[in-house]
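Visitor: Structure incoming, see below.
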Amino acid sequence: MGRASAAPGKAIACMLLGSAVLTANDAVLKWLTGGYPVGQIMFCRGIFIGIPLAILIWRAGGLVALKPQNPKGHFLRAGLVICGTFLFVNGLRYLPLTDAIAIAFAGPLFITALAPPLLGERVGWRRWLAVAAGFIGILVIMRPGGSAIQWAALFPLAASLTGAFRDILTRRMSARETSVALLFYTSLGVTLAGLATVPFEWTPVPAADWAMFALSGFLIGSAHFLMIETFRLGEAALVAPFKYSGVIWAALLGFLIWGDVPDGGTIAGVSVVIASGLYILHRERVRRQT
């Protein structure tokens, strides 16, 4: 399992707060999708990530922490995050906040399914059943054959797939790369990708909306800081389940801002996805202990 948790209470608190901050950022992004193209959102937000990122670099020991050991890996990881960000923000444009975030939690399902071919890990029948149940839950949320807008669920679903590839790559890189280096080059890649779209589509930004972009940059940087602290203070198996608290925040913010109320099908599908993810985490802990 790795080292014991240094401060389990603080680790759980950081995960709960980090999930809330990350969901608040997603709500800001959804608000911005009503008036701006996705590429512009990626660029404008990226401008403001630099402030919290600079604090993380300072805490990690300065610019020496940014020295890449695997430049090709950083390039590939940034590409995956660029694709995932583009897909997820597009999903936020069309879907209720709760639906988009719940479907994005399909990441553990994809990681489990990809572990045998990419990591050489054995996946037992219990985890395969959990993966199958999780994807059934996603189908319930998507409602195939229903309203066309539910097919927008393919955006966060594809984003969670790219996120799974990103996390598997991160596993391979984390032994030699610092967390702040992974975050810096990824953030830089997303910002530059957004900048590349500016000549093709740009909407003038009033001062009030610049404040929203700044808020998003601050929130995403703060969320990553809290996540880093989470895994510094506690074991992944201990804190990972608390990440699902983001769905509760998403439902609350979706109702308060847009008046979205999840129906019975959405609640059922979300519950199955979360239960499947939690069971996979449980089986992973059992596997590591044995």
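The numbers here are math on the coordinates, done by the rules we state, and not lab data. Here the structure is a predicted model, which is why all the values come from computation and not from measurement. Every residue, glycine as well, gets a Cβ built from its backbone with ideal geometry; the counts of neighbours run over all protein chains shown.
Visitor: Once phi is turned into θ = phi - 60°, what whole-Hz ³J(HN,Hα) does the Karplus curve with 6.51, -1.76 and 1.60 give for every residue of the range 77-86, x standing for Gly and Pro?
Guide: 5, 4, x, 5, 5, 4, 4, x, 5, 4
Visitor: Follow-up. Note the full-extension length gain between residue 129 and residue 143 as 0.36 nm times their separation in residues minus their Cα-Cα distance, in nm to one decimal.
Guide: Full extension of this stretch gives 2.9 nm more.
Visitor: Give me 282, 74 ranked fewest to most by other Cβ atoms within 10 Å of their Cβ, as a rough exposure proxy.
Guide: Fewest-to-most ranking of 282, 74: 282, 74.
Visitor: Same structure, new question: When only C-alpha pairs under 8 Å and at least 6 residues apart count, what is the relative contact order of the chain, in percent?
Guide: Once normalised by length, the contact order is 44 percent.
Visitor: With springs only between Cα atoms under 10 Å, which of 269, 73, 163 fluctuates most in a Gaussian network model of the chain?
Guide: Fluctuation is largest for 73.
Visitor: Same structure, new question: Give, in nm to one decimal, the length gained when the segment between residue 201 and residue 287 is fully stretched (0.36 nm per residue of separation minus the Cα-Cα distance). Walk me through the intermediate numbers first.
Guide: Details: separation 86, 0.36 × 86 = 30.96 nm, distance 4.94 nm.
The residue 201-residue 287 span can extend by a further 26.0 nm.
Visitor: Under 15 Å between alpha carbons, and skipping anything fewer than 8 positions from residue 72 in its own chain: which aspartates and glutamates qualify?
Guide: List returned: 177.
Visitor: Given the options 28, 196, 175, identify the residue whose Cα lies farthest towards the positive end of the charge dipole of the chain (+1 on Cβ of Lys, Arg; -1 on Cβ of Asp, Glu).
Guide: Positive-end residue among those listed: 175.
Visitor: Here's another thing I want to ask about it. Below 17 Å, Cα to Cα, which lysines can residue 10 reach? Residues fewer than 8 away in the same chain don't count.
Guide: Straight-line reach from residue 10, under 17 Å: 243.
Visitor: When a footprinting reagent is the concern and you count Cβ atoms within 10 Å, what order do 235, 284 take, fewest first?
Guide: Details: 235 18, 284 21.
Going from least to most buried by this count: 235, 284.
Visitor: Sticking with this structure for a sec: Students often get this wrong, so try it: which of (i) 6, 26, 34, 23, 8, 2, 0; (ii) 6, 27, 38, 24, 5, 0; (iii) 7, 31, 40, 20, 3, 0 is P(r) over Cα pairs in 10 Å bins from 0, in percent as calculated from the structure shown?
Guide: Matching the structure shown: (ii).
Visitor: Considering only 53, 211, 12, whose Cα is most displaced toward the positive end of the charge dipole of the chain, charges sitting on Cβ of Lys, Arg (+1) and Asp, Glu (-1)?
Guide: Result: 12.
Visitor: Rank these for me by crowding, 89, 131, going from fewest to most other beta carbons within 10 Å.
Guide: On the way: 89 25, 131 22.
Ordered from fewest to most neighbouring Cβ atoms within 10 Å, 89, 131 come out as 131, 89.
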